[in-house]
Structures are given as structure tokens and as C-alpha cells.
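Novice: Below is a structure I'd like to ask you about.
The values are calculated or read from the model by the stated rules, or taken from the named source; none is laboratory data. Here the structure is a predicted model, which is why all the values come from computation and not from measurement. Cβ placement follows ideal geometry from the backbone for every residue including glycine, while neighbour counts extend to all protein chains displayed.
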Amino acid sequence: IPLISAAQLGKLRLVRLLVEGGAQVNERNQRGETPLLAACRALRGDQSGSSMLRLIQYLLRNQADPSIQDKTGHTALMYTCMERAGPDVAVALISASSDRCMEDYAGASALVYAINARDQDTLTVLLDACRARGRDIGLHQL
């Protein structure tokens, strides 16, 4: 699917052309990935200051749904935590109302992935967002 491939490769101009041309921003491939999921899965380390963050923000502004899960139950926020993409991407997803407490099919949440990745900055963003929603984080969620 061209839009998913363009998003995964970080090609913002091509993503814009495809979206403006009518490509479905929440279309899925055989793995259940949307363009947003593919972009977040492709993040590596601290790329978040680069064009990938702008691409993710563009998709979110164009109604990309951050709560969609792929066939393993992972969300864009989970991939962001797994790939240690940094707090900027996490903030963008949370601002678009990504459910940080959602669990994948193995029962792990974005919080678990941030802890496993030892990404303190992103973990702080997630904990602050949960507190802002009035949710205490219990040990059962970790």
C-alpha cells in the first residue's frame, strides 16, 4: 500500500501527495498496520527531532487514529516506546488522545514498553499523562 510504504520510509512529501490525492489515512496492510503504525514502528532511537516527527504530526492532523492496534495488538504509542523514539513523538500521540493504558494481546501497555526500553523521558511523559487524567498507576498495570 503506497501510503504505508511512504510513511514507513519517512517520505513526508510523498505522504502529503498521497493524502491530498485521497489515500485513506487509516488503511491497513496485511499486518494490520496503518501509515501511522508503520511510521512509529520504523522509528529508530532519537529520530523524533527529524522529519519522522513532522510526518507523524501530519498524519495525526489528517485524522490518523492513534488507538488502532495491529495484528499483535500494538499501537503507535507502544512502538514509539519500544523504539526509544523519545518524548516528542509520545506527546504528539497522547495529544491526539492515544490511550496510554491500552494493552496489546500479551497484556503489555506502552508503560511496560517504556520501562523495558529504559526510556526515562518517555516514561515520565506517560506517567504525567495518566496522572493528568486522574488515573493512578497501580502495579497491576506494570
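Novice: Tell me yes or no: at least one residue of region 84-93 is more than 13 Å from Leu43 (Cα to Cα), part of a loop (DSSP other than H, G, I, E, B) and modelled with pLDDT under 90. I'd like the intermediate steps shown before the answer.
Specialist: Filtering region 84-93 for residues more than 13 Å from Leu43 (Cα to Cα) gives 91-93.
With the extra rule that they be part of a loop (DSSP other than H, G, I, E, B), the set shrinks to none.
Within region 84-93, none of the residues are more than 13 Å from Leu43 (Cα to Cα), part of a loop (DSSP other than H, G, I, E, B) and modelled with pLDDT under 90.
Novice: Which of the residues belonging to region 97-127 are within 23 Å of Arg61 (Cα to Cα) and either modelled with pLDDT of 90 or more or part of a helix (DSSP H, G or I) (or both)? Full working, then the answer.
Specialist: First, the residues of region 97-127 that are within 23 Å of Arg61 (Cα to Cα): 97-102, 110, 122, 125-126.
Matches in region 97-127: Ala110, Thr122, Val125, Leu126.
Novice: Could you tell me whether Asn62 is modelled with pLDDT of 90 or more, over 12 Å from the mean Cα position of the chain (by Cα) and closer than 23 Å to Lys11 by Cβ? Break it down stepwise before answering.
Specialist: Values: modelled with pLDDT of 90 or more: yes; over 12 Å from the mean Cα position of the chain (by Cα): yes; closer than 23 Å to Lys11 by Cβ: yes.
Yes.
Novice: State all residues of region 1-52 that are closer than 22 Å to Glu83 by Cα, in a loop (DSSP other than H, G, I, E, B) and either aliphatic (A, V, I, L, M) or touching a residue at least 60 places away in the same chain (Cβ under 8 Å) (or both); if no residue qualifies, say none.
Specialist: First pass over region 1-52, keeping only residues closer than 22 Å to Glu83 by Cα: 3-12, 15, 26, 28-52.
This time we only want the ones that are in a loop (DSSP other than H, G, I, E, B), so: 9-11, 26, 28-34, 42-50.
Listed by number, the residues that qualify are Leu9, Ala42, Leu43.
Novice: Looking at region 128-142, which of the residues that are small (Gly, Ala, Ser) and in a helix (DSSP H, G or I) is modelled with the lowest pLDDT?
Specialist: Start the filter on region 128-142 by keeping residues that are small (Gly, Ala, Ser), which leaves 129, 132, 134, 138.
Still in the list and also in a helix (DSSP H, G or I): 129, 132.
Working: Ala129: 85, Ala132: 77.
Per the criteria, the residue is Ala132.
Novice: Exactly one condition in (1) out of contact with any Leu (no Cβ under 6 Å at 6 or more places or on another chain); (2) closer than 24 Å to Arg16 by Cα; (3) assigned to a helix (DSSP H, G or I) is not met by Leu55; state its number.
Specialist: (1)
Novice: Then there is this: Quick check on region 70-83. Is at least one of its residues over 14 Å from the mean Cα position of the chain (by Cα), basic (Lys, Arg) and either surrounded by fewer than 19 Cβ atoms within 10 Å (Cβ to Cβ) or under 22 Å from Leu9 (Cβ atoms) (or both)?
Specialist: Yes.
Novice: For region 15-29, name all the residues that are more than 18 Å from the chain's Cα centre (by Cα) and surrounded by fewer than 17 Cβ atoms within 10 Å (Cβ to Cβ). Write out each step before concluding.
Specialist: Here is the first cut: in region 15-29, the ones more than 18 Å from the chain's Cα centre (by Cα) are 16-23.
Correct list: Arg16, Leu17, Glu20, Gly21, Gly22.
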